[in-house]
Amino acid sequence: MDRKSTLREMALAAFIVLGGAAQGVNAQALQSSGASSAVVSQPGTSAALPDTSQAGQADTTALTPDENRQSAAGNVAELQQMIRGSDLTELRTTYNGTYGASLLFYGKEMTYYVALFQQKNFWRVIKTQDVTRAELIYKDFVRQTVQLSDVEIRRTQLEAQKAFTQRMIALSQDRANRLQADLDVARQQQSIVASQQQQKRAEATALAQQKQAAQDQLRAAQRQVRELQRELESGLPPH
């Protein structure tokens, strides 16, 4: 029984020693990668990224001190380099506006990389071998992309609404111009028709007067013919 207790104590001591050595190796790896830049930008981009280190802490997953150090210890440069190869597997990616979050897996070392980025520029990268922790951080990063993208999504919608409104104004104005042109033509034609009607009424009146004068002349001529006929017949013997 004492021998078993001694063996257990020796095994426990060895486990602690090995665990401490592994932590030392991880710390050295983090320090050695700290010389790399924490943000990798694509050529030609200079967009400033907002600080979310304090935003939404009440409902986000708090990073451990070690994870906070990782985001500035070269994980961005490390992941950027690994993406160029073929050993990294993309497990999940979520986009909200120009912001995104990715969960990537490096199978050779059973390591997970959780990345927060904007316009494909890595912003924060957390490295862990704990899949549960990786999933929690990924969900937290996804929530951050939702918060960060709210303003730009709203701006995009407002720009679209403004452009739509301006397009509708232009269409309405064009329609109004065409209707005004039609109305001008109608008014012009109405004026022409009214003038023509007035002229024709005047002509009709004149013709009516001329007709009346001609009829008067006709009746006078007919009376003269009858009178002349009676005078002619009055001087002749009866039949």
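Derivation of every value follows stated rules applied to the coordinates shown; laboratory data play no part. Treat the numbers as computed from the prediction; the structure is a model and nothing was measured. Heads up, the Cβs are rebuilt from the backbone with ideal geometry, glycines too, and the neighbour counts pull from every protein chain shown.
List the trypsin sites (Lys or Arg not before Pro) within the range 84-158 that DSSP assigns to loop and that have no more than 11 neighbouring Cβ atoms inside 10 Å.
Within the range 84-158, the qualifying trypsin sites (Lys or Arg not before Pro) (loop, at most 11 other Cβ atoms within 10 Å) are ARG84, LYS108, LYS120.
Compared with the alpha-carbon gap, the fully stretched path from GLN197 to LEU218 is longer by 4.5 nm at 0.36 nm per residue. Size descriptors for the range 184-239, from the alpha-carbon set: Rg then Dmax equal 24.0, 80 Å.
Dipole check for the range 104-239: with +1 at the C-beta of Lys and Arg, -1 at the C-beta of Asp and Glu, and the Cα centre as origin, the magnitude is about 360 Debye. When you work out D = kT/(6 pi eta Rh) for the range 117-200 at 37 °C and 0.692 mPa s, using the Kirkwood radius from C-alpha pairs as Rh and the Stokes-Einstein form, the result is 173 µm²/s.
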